[in-house]
Every structure is written in C-alpha cells, then in structure tokens.
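Undergrad: Can you keep this structure in mind? I'll have questions shortly.
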Amino acid sequence: MAQHERSFQAWFDEVRDYTLRLVGIRSVSPSAGESEVAREVVRLLCQGGLGAAYTAVGLDPLAGDAYGRHTAYAFLKGASARTIVLLGHIDTVDTADFGAQEPWALDPLALSGRLDALVQRAPAAAHDLATHPDDWLFGRGVIDMKSGVAANIAVMRHLAGLASAGTLPLSVVFLATPDEENESAGVLQSVRFLLRLRDEHGLTYLGAINTDYTTAQYPGDPHHYIYTGTIGKLLPSVLAVGRESHVGDPFDGLDANLLVAELIRDLSMNDALCDVVRGQAVPPPVTLHAADLKSTYDVQLPFAASFYLNVLTLSMTPGALLERLREVAQSALTRLLRRLDETEARWLAAAGKAARAASVSPRRGAVLTYAELHAAAVKRVGAAAVAGALNEEWSRWPEQLDKRTRSMQLVWRLWQVAGAAGPAVVLYYSPPYYPHVAASPCPLHDAVAAVAAAHPELSLRVEEFFPYLSDLSYLRLHNETDIAPLTANMPVWRDPAAPARPGSYTLPLEAIRALDMPVVNLGPYGAGAHQASERARMSYSFGTLPQLLLETIQRLG
Ligand SMILES: [Zn+2]
C-alpha cells in the first residue's frame, strides 16, 4: 500500500471530536443507550457523503436482546480477500463513582473545570496533570474505550476514501459492539456475523485489532503497550457440605463455614495457582463471594456453604484447573478432619473421658466434581429422576436470579438427590468463561512488531497477554482447550443448539473455534479505567494511535 501520510494534527482534531460526541451519549451496560452510540458510530462513519464508499455499513440487531441493542458495522472490500477486523466496544460502566461530579461525567470539557475534587481522591491523576497539564481528558468512557472507537472510525473513514479511489489493497471490517462490560453479547453475536461475511465474500481473516484501554504497568513506566493475546477467566465454585448438629454437640457435626474457611485459606491469594507463561503471570485467585446456605438464625451448625473463586488464565484449561483444585481441596479437607480428630480426643481427655478419647474414630470426607456427583445421583435414582429434580429446582427460582446463585442451588439439590453424607467438597463451574488467547506466528503479529520497531520514539512494547478481560477472548479458542470439563461441570450450561432457557449460560464455542482469529490490542493510552479519575492521554490516544493503526494495516496490505 502506498504511504498515505496524514498529519498528527488532522488525526488529533478528528478523533478528539468523535470521542467527545461518543462520550456525550450515556451507554452504561446493559441499556438502550448503547444503541444510540451505535447509531452515532454509523452516522460518523458516513458523514460528508462517505456512506456509499462502504461495501456494507449499518446496524446488526442483537437477537432476542431485552434492551434492543445493536452492533455497528462497516465493511470495505479491497483488492484482496485478506481481511483485517477493527474492534471496539461502545458501552461503559456506570457513572455513580463520580459522586458530586456525576452530572459532568459525560461532558469532559465541563469536567475539566472541576477536576480538583476528582483529583483529590486520585493522587496518580494529580501527578499526571502536573507532568502534562494540557494533555489529559477526563470523563466516563474517554479511555475505556470511546477514544478507541473514535480512532477506529477515523481510520475507517480514511480507508473508505482509498476504497473509493480503488487503492485499498486489503479488506477491512469494523465492529463497534455493545455489552462488553456486561456479558459480551455484542461480540458473541459478531462471531456469527464474521463467519457469515467470510462465507459470503470468500474472505481470509488476518486477525482482529481491538482498541481497548492501555495504561502504565508501574509508576513512571515510559512504555506504550501493544498486546498479541489476551488473558482468560474461569469461575470455579465450591459447595462445602458439613454435617448438621446442635451447637451443644459440635463434634457430632461439622461446621461447613469452617470447611470453607480452610479451603479459602488454601486457595485465595495462593501464588502456586498463578498461571505463568513466557514471563507473564496472572494475579493469584481471590474469592468474589462466600456464604452459607442458612437464611435465618438458629442454633444448628451450618450444614452447607459455598464460595466462588476468580481465576485468571494464560494457558490453564478448565480440566487442568479442576484437577489442581481437587488436589488443594483434598489436602485442606484431610488436614481439617485430622485436626478435628485430635481436638476431639484432647477435649474428651480434658473432660475426664480418657477411654473415649482413645477411641475417637477418624473422620472421612470426599472431594468430587459436579459431573461425578451427577453420575452418583443417576446411579442412585436414575437419569429421569435426576433431570426431573434439577428441572424442578430450576423452575423454583425467578428468571432474574443471579446465575452463580442458581448454579449453587442446583448443586445443592443434586447433592440431596444423590443421598450422600458429608463432609464433602463439590467442585463446579459458574459463569462466565473467558477463553485466553495466546500469540501465534502470523502476518498481523509480524506487522505489529514491525510498527513497534519503526517508532523507537514512542517506547512501544509488544507483550503477549492483554491483562484485562475483553471481547478479544471470544474470537479464538485454542485447539488444546478441551471444553467438555467446563460444560459437564457447569450446572447452568446450555448447549448453543438447545432451546433458550431463562437463567442459562451458553457460548458459541464451536463458532469461535471456526473463526479462530489472531488478536491484537492496540489501544488508546490513559489511566483510571472504571474509576472517577478515568482519563485519556490525548496526544497518544487522538494523534498517535490512529496513525499506528493505519501503519499496521498498511504493512498487511
Ligand atoms: Zn474496555
């Protein structure tokens, strides 16, 4: 592709203008406002009579969406079927974190006159403002990620001009998706959109460039990061079953909360469970919720309790994680039961019951997966009875019940159907699931490396795993990722081909495998995403980023 130079200032003015327009439209996920942004994206792509330059441009409605949302798309068919996908999300998180400044959260220009209160709570923002006083734009969505969408629009408009002149050497698709901050409904539908487009036009996808938030990795970090993969996430969950007993006879039972405490002690912040790949490590697991199943006060030991664990992944598969958790849970359970045996003997001796103290019978417990518990229940009462009980349990709860809570209730019901006795630990998966994506040798990753090398003045660093959960997870599923251990152990899983069911969770995993795109995140630079101090560094985000995107595409052409 011939070099089409465009000045920093021309990019800057255009991307700044689009960013302010998009930020001004409230699009907290999930809400109907997301469609308003989608409509504005299409308007900006087409304004000035450019609409006819696109092979296709418009809105793709999300099937069965309660908020009537859309993904905005534009397609430019160039001289070659080799196709690059530009990707961005148009939704944001809520604005309540702005507190007294909330009325100006979507008006960065008005907000700039009221930064003192915001900056008081964010010393890093004060430091940034002191270092580069006129280069920061504050507001909800400025960096996560309406400036990234704005840069994509500017680049698409530039490429549409080339297409009109017949000088666009490759094909380009742009997708602006809703729901990224929620359940990624936008990109999940886009997977099928991209497969359809591929079949209709005989396209070969080179990969997808997402333009989401990037930031410093440590104070004073001079680098700008480009990523060639993304982290994933699993939400393994635990039902801990103790044994009922009156508080006066605790040795006859087992406090399920004590069992949970031991399990959390061994699992939460355990760096041995961190996925480490080629020099990058995810943060250790932490719980996101823990509770017992009691709803009222009484003097029985809590007989069951549950929690779930946030586990970020770079290479760990659902099956491998389940086996790691089984080992940790088995050792925690064994250690607790031995300790209780010893405690009981000591307590009996202190109470003058030496003979009984000598004959305390060792406690036993089991660790099993949801799939194993299911098999045990089927063996006991038959498949039809198990399915009937789980269906009845499902219908007992309102449609809006949290999917994690519904999962836990289904496991508890299955435990009762299986008729086993505690203590026991049941391991299962709750939604959501974000597959990780690793880098792979491909023209897109070569192009990104070449662009980074061509700009030493920008301190560009290419790293493998984008460290935030994003829509990129749903564009590629590695062959070695066996999903059967996930789906067989996720109580609310629904096969994509099965009829819709309120409260169920599904992913088009086979479609994602068919799409199988290399990914890149080359996004705007800022700080404070999901905080009131959210801010974009304007020079890089508005002036530099679109040029880097264009140069990457030029190297592919
Ligand atoms: Zn984002």
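Undergrad: Go through Lys353, Lys403 for me and flag whichever is surrounded by 14 or more Cβ atoms within 10 Å (Cβ to Cβ) and out of contact with any Lys or Arg (no Cβ under 9 Å at 6 or more places or on another chain). Reasoning before the result, please.
TA: Values: Lys353 fails: surrounded by 14 or more Cβ atoms within 10 Å (Cβ to Cβ).
Being surrounded by 14 or more Cβ atoms within 10 Å (Cβ to Cβ) and out of contact with any Lys or Arg (no Cβ under 9 Å at 6 or more places or on another chain) holds for just one of Lys353, Lys403, which is Lys403.
Undergrad: Looking only at residues in segment 464-479 that are among the aliphatic types (A, V, I, L, M) and open to solvent by less than 10 Å² (accessible area, probe 1.4 Å), which one is farthest from the ligand (Cβ to nearest atom)?
TA: Going through segment 464-479, the residues among the aliphatic types (A, V, I, L, M) turn out to be 469, 472, 475, 477.
Those still in the list that are open to solvent by less than 10 Å² (accessible area, probe 1.4 Å) too: 472, 475, 477.
Values: Leu472: 10, Leu475: 15, Leu477: 21 Å.
Result: Leu477.
Undergrad: Now for a different question. Of the residues Leu390, Leu368, which is touching a strand residue (DSSP E or B) at 6+ places or on another chain (Cβ under 8 Å) and at pLDDT 95 or above? Working first, answer last.
TA: On the way: Leu390 fails: touching a strand residue (DSSP E or B) at 6+ places or on another chain (Cβ under 8 Å).
Sole residue among the options that is touching a strand residue (DSSP E or B) at 6+ places or on another chain (Cβ under 8 Å) and at pLDDT 95 or above: Leu368.
Undergrad: With the structure loaded, tell me whether Pro441 is part of a loop (DSSP other than H, G, I, E, B) and surrounded by fewer than 20 Cβ atoms within 10 Å (Cβ to Cβ) or whether it fails that test.
TA: Working: part of a loop (DSSP other than H, G, I, E, B): yes; surrounded by fewer than 20 Cβ atoms within 10 Å (Cβ to Cβ): yes.
So Pro441 passes the test.
Undergrad: Sticking with this one: Within segment 195-225, take every residue that is within 16 Å of the ligand (Cβ to nearest atom) and within 18 Å of Ile143 (Cβ to Cβ) and give me the one that is surrounded by the most Cβ atoms within 10 Å (Cβ to Cβ). It would help to see each step written out before you state the result.
TA: Looking only at segment 195-225, we keep the residues that are within 16 Å of the ligand (Cβ to nearest atom), and these are 208-215, 225.
Remaining after also requiring within 18 Å of Ile143 (Cβ to Cβ): 209-215, 225.
Working: Ile209: 31, Asn210: 29, Thr211: 26, Asp212: 25, Tyr213: 26, Thr214: 29, Thr215: 20, Tyr225: 21.
Top of the filtered list is Ile209.
Undergrad: Are there any pairs, at least 6 apart or on different chains, whose C-beta atoms fall under 8 Å, with the first in segment 92-117 and more than 16 Å from Val28 (Cα to Cα) and the second among the basic types (Lys, Arg), and if so, which?
TA: Cβ pairs passing all conditions: Gln101/Arg114.
Undergrad: For segment 239-250, indicate whether the set of residues that are in contact with a Leu (Cβ under 6 Å, 6 or more places away or on another chain), open to solvent by less than 50 Å² (accessible area, probe 1.4 Å) and part of a loop (DSSP other than H, G, I, E, B) is non-empty.
TA: The answer is yes; a qualifying residue exists.
Undergrad: Considering only segment 227-238, state which residues are within 16 Å of the ligand (Cβ to nearest atom) and either more than 17 Å from the chain's Cα centre (by Cα) or part of a loop (DSSP other than H, G, I, E, B) (or both).
TA: Within segment 227-238, just Ile231 meets the criteria.
Undergrad: Just wondering, is there one or more residues in segment 518-530 that are aliphatic (A, V, I, L, M), part of a helix (DSSP H, G or I) and at pLDDT 95 or above? I'd like the intermediate steps shown before the answer.
TA: Keep residues of segment 518-530 that are aliphatic (A, V, I, L, M), which gives 519-520, 522, 527, 529.
Within this subset, residues satisfying the condition of being part of a helix (DSSP H, G or I) are none.
Scanning segment 518-530, I find no residue that is aliphatic (A, V, I, L, M), part of a helix (DSSP H, G or I) and at pLDDT 95 or above, so the answer is no.
Undergrad: Also, quick follow-up: Just to be sure I understand, how many residues within segment 169-194 are in contact with a strand residue (DSSP E or B) (Cβ under 6 Å, 6 or more places away or on another chain), surrounded by 20 or more Cβ atoms within 10 Å (Cβ to Cβ) and not charged (D, E, K, R)?
TA: Taking segment 169-194 and keeping what is in contact with a strand residue (DSSP E or B) (Cβ under 6 Å, 6 or more places away or on another chain), we get 170-177, 180, 186-187, 190, 193.
Subsequent filtering for residues that are surrounded by 20 or more Cβ atoms within 10 Å (Cβ to Cβ) retains 170-177, 180, 186-187, 190.
Still in the list and also not charged (D, E, K, R): 170-177, 186-187, 190.
Total meeting the criteria: 11.
Undergrad: Taking the options Thr552, Thr506, name whichever one is of a type in the set (Ser, Thr, Tyr) and open to solvent by less than 10 Å² (accessible area, probe 1.4 Å). I'd like the intermediate steps shown before the answer.
TA: On the way: Thr506 fails: open to solvent by less than 10 Å² (accessible area, probe 1.4 Å).
The match here is Thr552.
Undergrad: Criterion first (in contact with a strand residue (DSSP E or B) (Cβ under 7 Å, 6 or more places away or on another chain), open to solvent by 40 Å² or more (accessible area, probe 1.4 Å) and β-branched (Val, Ile, Thr)) does Val276 satisfy it? Give the derivation first.
TA: Numbers: in contact with a strand residue (DSSP E or B) (Cβ under 7 Å, 6 or more places away or on another chain): no; open to solvent by 40 Å² or more (accessible area, probe 1.4 Å): yes; β-branched (Val, Ile, Thr): yes.
Taking the combined requirement at face value, the residue does not satisfy it.
Undergrad: Among the residues of segment 447-477, which ones are in a helix (DSSP H, G or I), touching a residue at least 24 places away in the same chain (Cβ under 8 Å) and not polar (S, T, N, Q)?
TA: Answer for segment 447-477, where residues must be in a helix (DSSP H, G or I), touching a residue at least 24 places away in the same chain (Cβ under 8 Å) and not polar (S, T, N, Q): Ala447, Val448, Ala450, Val451, Ala452, Ala454, Leu458, Asp471, Leu472, Tyr474, Leu475.
Undergrad: Something else about it: Filter segment 293-311 down to the residues that are surrounded by 19 or more Cβ atoms within 10 Å (Cβ to Cβ) and not aromatic (Phe, Trp, Tyr), then identify the one that is farthest from Gln409 (Cα to Cα).
TA: To start, the set of residues in segment 293-311 that are surrounded by 19 or more Cβ atoms within 10 Å (Cβ to Cβ) comprises 301-309, 311.
Next, only the ones that are not aromatic (Phe, Trp, Tyr) stay: 301-302, 304-306, 309, 311.
On the way: Leu301: 19, Pro302: 16, Ala304: 11, Ala305: 11, Ser306: 10, Leu309: 17, Val311: 22 Å.
By that ranking, first place goes to Val311.
Undergrad: Which of the residues that make up segment 89-131 are surrounded by 16 or more Cβ atoms within 10 Å (Cβ to Cβ), among the β-branched types (Val, Ile, Thr) and more than 27 Å from the chain's Cα centre (by Cα)?
TA: If the condition is that a residue be surrounded by 16 or more Cβ atoms within 10 Å (Cβ to Cβ), among the β-branched types (Val, Ile, Thr) and more than 27 Å from the chain's Cα centre (by Cα), then Val119 is the only one that fits.
Undergrad: Might you let me know whether segment 542-555 holds any residue that is of a type in the set (A, V, I, L, M), in a strand (DSSP E or B) and touching a strand residue (DSSP E or B) at 6+ places or on another chain (Cβ under 9 Å)?
TA: Of the residues in segment 542-555, the ones of a type in the set (A, V, I, L, M) are 545, 548-550, 553.
Those left that are additionally in a strand (DSSP E or B): none.
Looking for residues that are of a type in the set (A, V, I, L, M), in a strand (DSSP E or B) and touching a strand residue (DSSP E or B) at 6+ places or on another chain (Cβ under 9 Å), one finds none in segment 542-555, hence no.
Undergrad: Residues in segment 521-557 that are of a type in the set (A, V, I, L, M) and either within 15 Å of the ligand (Cβ to nearest atom) or without any contact (Cβ under 8 Å) to a residue 12 or more places away in the chain (or both): how many? Quick ask: steps written out before the conclusion?
TA: Taking segment 521-557 as the starting set, the residues that turn out to be of a type in the set (A, V, I, L, M) are 522, 527, 529, 532, 536, 538, 545, 548-550, 553, 556.
Then keep just the ones that are either within 15 Å of the ligand (Cβ to nearest atom) or without any contact (Cβ under 8 Å) to a residue 12 or more places away in the chain (or both); that gives 522, 527, 529, 536, 545.
Of the residues in segment 521-557, 5 are of a type in the set (A, V, I, L, M) and either within 15 Å of the ligand (Cβ to nearest atom) or without any contact (Cβ under 8 Å) to a residue 12 or more places away in the chain (or both).
Undergrad: Can I ask one more? In the set Gly365, Gly352, Gly388, Gly419, which member is touching a Ser or Thr at 6+ places or on another chain (Cβ under 9 Å) and small (Gly, Ala, Ser)?
TA: Details: Gly352 fails: touching a Ser or Thr at 6+ places or on another chain (Cβ under 9 Å); Gly388 fails: touching a Ser or Thr at 6+ places or on another chain (Cβ under 9 Å); Gly419 fails: touching a Ser or Thr at 6+ places or on another chain (Cβ under 9 Å).
When all the criteria are applied, what remains is Gly365.
Undergrad: So which residues in segment 94-117 are of a type in the set (D, E, K, R) and within 16 Å of the ligand (Cβ to nearest atom), if there are any at all? Explain how you work it out, then say what you get.
TA: First pass over segment 94-117, keeping only residues of a type in the set (D, E, K, R): 94, 97, 102, 107, 114, 116.
Answer for segment 94-117, where residues must be of a type in the set (D, E, K, R) and within 16 Å of the ligand (Cβ to nearest atom): Asp94, Asp97.
Undergrad: Condition first: among the basic types (Lys, Arg) and under 30 Å from Tyr218 (Cβ atoms). Can you find one or more residues in segment 120-135 that meet it?
TA: Step one: of segment 120-135, the residues among the basic types (Lys, Arg) are 121.
Next, from what is left, pick out any that are under 30 Å from Tyr218 (Cβ atoms): 121.
Yes, because at least one residue in segment 120-135 is among the basic types (Lys, Arg) and under 30 Å from Tyr218 (Cβ atoms).
Undergrad: Could you list all residues from segment 150-176 that are farther than 18 Å from Leu472 by Cβ and within 16 Å of the ligand (Cβ to nearest atom)?
TA: Within segment 150-176, Ala150 is the sole residue that qualifies.
Undergrad: Let me ask something else about it. Does segment 323-346 include one or more residues that are surrounded by fewer than 17 Cβ atoms within 10 Å (Cβ to Cβ) and in contact with a strand residue (DSSP E or B) (Cβ under 7 Å, 6 or more places away or on another chain)?
TA: yes
Undergrad: Being acidic (Asp, Glu) and either within 12 Å of the ligand (Cβ to nearest atom) or on the phi > 0 side of the Ramachandran plot (or both) is the filter here; which residues of segment 118-149 pass it? Let's see the steps before the verdict.
TA: To start, the set of residues in segment 118-149 that are acidic (Asp, Glu) comprises 128, 134-135, 144.
Residue satisfying the conditions is Asp144 alone.
Undergrad: Would a scan of segment 480-487 turn up a residue that is without any contact (Cβ under 8 Å) to a residue 40 or more places away in the chain, assigned to a helix (DSSP H, G or I), away from the ligand (no atom under 16 Å from the Cβ) and open to solvent by less than 50 Å² (accessible area, probe 1.4 Å)?
TA: From segment 480-487, those without any contact (Cβ under 8 Å) to a residue 40 or more places away in the chain are 487; that's our starting set.
Cutting the leftovers down to assigned to a helix (DSSP H, G or I) gives us 487.
From what is left, the residues that are away from the ligand (no atom under 16 Å from the Cβ) are 487.
Adding the requirement that they be open to solvent by less than 50 Å² (accessible area, probe 1.4 Å) leaves 487.
Checked against the condition, which is being without any contact (Cβ under 8 Å) to a residue 40 or more places away in the chain, assigned to a helix (DSSP H, G or I), away from the ligand (no atom under 16 Å from the Cβ) and open to solvent by less than 50 Å² (accessible area, probe 1.4 Å), segment 480-487 yields at least one hit.
Undergrad: Taking segment 279-292 only, how many residues are open to solvent by 60 Å² or more (accessible area, probe 1.4 Å) and out of contact with any strand residue (DSSP E or B) (no Cβ under 7 Å at 6 or more places or on another chain)? Spell out the reasoning first.
TA: Within segment 279-292, the first condition is being open to solvent by 60 Å² or more (accessible area, probe 1.4 Å), and the residues that meet it are 279, 281, 283, 288-289.
Checking the rest, the ones that are also out of contact with any strand residue (DSSP E or B) (no Cβ under 7 Å at 6 or more places or on another chain) come to 279, 281.
Number satisfying all stated conditions: 2.
Undergrad: Still on this structure, please answer the following. Which residues, taken from segment 225-247, are touching a helix residue (DSSP H, G or I) at 6+ places or on another chain (Cβ under 6 Å) and over 24 Å from Arg326 (Cα atoms)?
TA: Within segment 225-247, Ile226, Thr228, Thr230, Ser245 qualify.
Undergrad: Right, here's the next one. What's the number of the only condition in (1) at pLDDT 95 or above; (2) surrounded by fewer than 17 Cβ atoms within 10 Å (Cβ to Cβ) that Pro496 fails to meet?
TA: (1)
The values are calculated or read from the model by the stated rules, or taken from the named source; none is laboratory data. Worth saying up front: this structure is predicted, and the values here are computed from it rather than measured. All Cβ positions, glycine included, derive from the backbone under ideal geometry; neighbour counts span all protein chains shown. Note: accessible area is taken over every heavy atom of the protein model, side chains too, but ligands, DNA and RNA are not part of it. Shrake-Rupley method; radii C 1.70, N 1.55, O 1.52, S 1.80 Å.
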